[in-house]
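Enquirer: My structure is below; once you've seen it, I'll send some questions.
What follows draws every value from the coordinates through simple rules; no lab data is involved. No experiment lies behind these values; they were computed from the predicted model shown. All Cβ positions, even for glycine, are placed from backbone atoms using ideal geometry, and neighbour counts span all protein chains on display.
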Amino acid sequence: MLIAIASENDVYDGAVFELLLSRILDHPVTRWKNDMVLRGHTAVVGLAEAYLRRADAVGIHHALFVVDNDGGSRSGPEHEADHDQQTEAANDDGCRTCRVLQAIPSWWKDGKRHYCVAVPVQTLETWLLFLRGDPFPGEPEKLYHRRVLKDRFFGKPLPPEQERARMAIEQVRKADALERLRHRRSFRLFEEQLSLWR
């Protein structure tokens, strides 16, 4: 199954979510390789339509958008069903899920194609630390800055992208990874969207 994965870092995030999709869907998944470079959530949002047009041109009908929310208690709130999508999308500190959803063009949402938005709160490393079994007092999403979470998982200095991907994939391959990740609300929101893909 070939899937377009628009992420902030294809080498790292793209590889991790390729494996997560394969595990959740219980079906081999390959991420579509292309020459579009997306770095950071602004690029993922701003280039969403161009990215989907390229995917559509080669017959891809499944797209996953992945960004961190980089938030916590003061900004980047976790997505809620009652969010006003336009208001949140217009706010730089608003809900990143709403920002991505607003960027997906209506022609892609016409029913013939599928999309999903994954926004780990507050960063992918929150999920990875949870998989590794790191103890946290309270909710890590609200207590720690994203840099602290990244340093805690990878150590200092930050390893190269390929090594970060290897370290992350090691956690995602654990037999109980999906069961454990379902304790994180942001993961459940991601997984629920994939029910239509099965």
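Enquirer: For the chain, what is the relative contact order in percent, using Cα pairs closer than 8 Å and at least 6 residues apart in sequence?
Expert: After rounding, I find 24 percent.
Enquirer: Round to the nearest 0.05 the FRET efficiency obtained for R182 and E80 when R0 = 22 Å and r is the Cβ-Cβ distance.
Expert: 0.75
Enquirer: Over its Cα atoms, what ratio of radius of gyration to 2.2 N^0.38 Å does the stretch 82-137 give?
Expert: Its radius of gyration relative to the 2.2 N^0.38 Å reference: 1.48.
Enquirer: Quote the charge dipole size of the chain about the Cα centre in Debye, to the nearest 20; the model charges only the Cβ of Lys and Arg (+1) and of Asp and Glu (-1).
Expert: I would put it at about 460 debye.
Enquirer: Of H27, L124, H83, which is farthest towards the positive pole of the chain's charge dipole, taken about the Cα centre with +1 and -1 on the beta-carbons of Lys, Arg and Asp, Glu respectively?
Expert: H27
Enquirer: Another question, if that's okay. In the chain, what cysteines have no partner Cβ closer than 4.7 Å?
Expert: Lacking a cysteine Cβ partner under 4.7 Å: C116.
Enquirer: Counting only helical runs of four or more DSSP H residues, what would the 222 nm mean residue ellipticity of the chain come to if each run contributes -39,500 (n - 2.57) and the total is spread over all its residues?
Expert: So the calculated ellipticity at 222 nm is -12000 deg cm²/dmol.
Enquirer: Further, regarding this structure: Please list the radius of gyration and Dmax for the chain, considering alpha-carbon atoms only, with Å as the unit.
Expert: Cα-based Rg and Dmax for the chain come out at 15.9, 48 Å.
Enquirer: Ok, one more. Taking the simple approach of a point 7 Å from Cα along Cα-to-Cβ for both L196 and R173, what is their distance in nm?
Expert: Those two pseudo-labels are separated by 3.4 nm.
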